Amino acid sequence: MSGGVGYVCKRQGLYRVVECPIVGGAAAHSFNYFSLRETYQYFGGRLLARAAVAVAISGDFQIEIGVCHGCSPVGVEFEVTRAEGNILYELGGRRASDVWEEICGSIADKTNQSSALAIGVPLQGVSGALDYQVRAGYFIDTESGGVTLGPSIATGTHIMLHHRTTEDVVEGARQMGRDMVARIGSRRVCALLGFECGARTLPFLGAEGTLKENQELQSLFDESVPWLGMMPWGEIIPMGGPPTFHNYSYPLLAIVE
């Protein structure tokens with residue numbers, strides 16, 4: 001399923017009604033400063049904005065869900081001391097853009113999609129390597145000091161800085177596939193639906209690295225299994241029940257007999 005900037009609220013409302021696993025991603029158009037202000041979704045012959053388009057799948061089958069982030073906590077924590085909606089202005093009393101530049105170097109323009117830096121919001125009731133909701137900084141505004149995130153973040157939130165490397169991304173996908181294969185066992189996989197974050201692909205791994213990552217992942221499954229997917233701007237993953245919003249992740253859904 002796909003949606004626009006307000007997708008976080010939509011997936012929460014959808015889950016309250018259907019109460020089933022929800023996996024998908026948020027839609028967007030070509031990357032520029034205005035990309036998060038208006039996005040569009042297509043349903044049949046209709047052009048929609050601030051909407052969610054979903055496909056419900058039911059039948060005599062089971063599902064297995066895998067996910068990997070490719071981000072690791074660096075051990076540096078901050079309190080969000082000022083935020084308005086989805087714009088983060090201060091971390092620990094400092095301008096958020098200054099924190100970004102201190103770690104990533106000078107930011108020449110307002111786009112920063114391929115930055116190695118992200119923030120992690122702790123998930124309640126989840127433990128292990130995926131116990132943070134990863135948030136990307138879409139735009140870094142050195143004039144206002146703000147960092148634009150996908151969803152909103154509240155003042156007073158305690159976050160952990162995260163760093164991503166190509167090695168973490170590729171190894172994460174590899175381990176996700178191995179874990180899924182082990183859980184599936186001898187059952188037959190009917191189809192695989194993948195939602196790899198667009199900021200993991202060409203902006204970060206590059207075309208060759210993305211191809212290699214996905215070829216290795218697909219080689220873990222039978223070559224006759226059909227694959228379908230998209231590259232979203234934020235991924236929806238069920239973590240301990242309700243769906244949660246992440247960046248830089250790769251959810252994979254297997255439909256299994």
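One table, with the values for the structure above:
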{"quantity": "Cα gyration tensor shape of region 54-103, rounded if a/c is under 1.5, else prolate or oblate by comparing a/b with b/c", "calculated": "prolate"}
{"quantity": "Charge sum, other residues only, whose C-beta stays under 11 Å from residue 158's C-beta, Lys/Arg counted +1 and Asp/Glu -1", "calculated": "-2"}
{"quantity": "Segment residue 20-residue 124, extension gain: residue separation times 0.36 nm, minus the distance between their alpha carbons", "calculated": "35.5 nm"}
{"quantity": "Summed residue charge, Cβ within 14 Å of residue 169's Cβ, Lys/Arg positive, Asp/Glu negative", "calculated": "-4"}
{"quantity": "Simple spin-label estimate for residue 143 and residue 48 in nanometres, 7 Å along Cα-Cβ", "calculated": "3.5"}
{"quantity": "Placed amide H near residue 229: partners under 5 Å, 5+ positions off or other chain", "calculated": "194"}
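All of the numbers you see were taken from the coordinates with simple rules; none came from a lab. The structure displayed is predicted, hence computed values, not measured ones. Ideal geometry is used to build each Cβ from the backbone, glycine not excepted, and the neighbour counts take in all protein chains shown.
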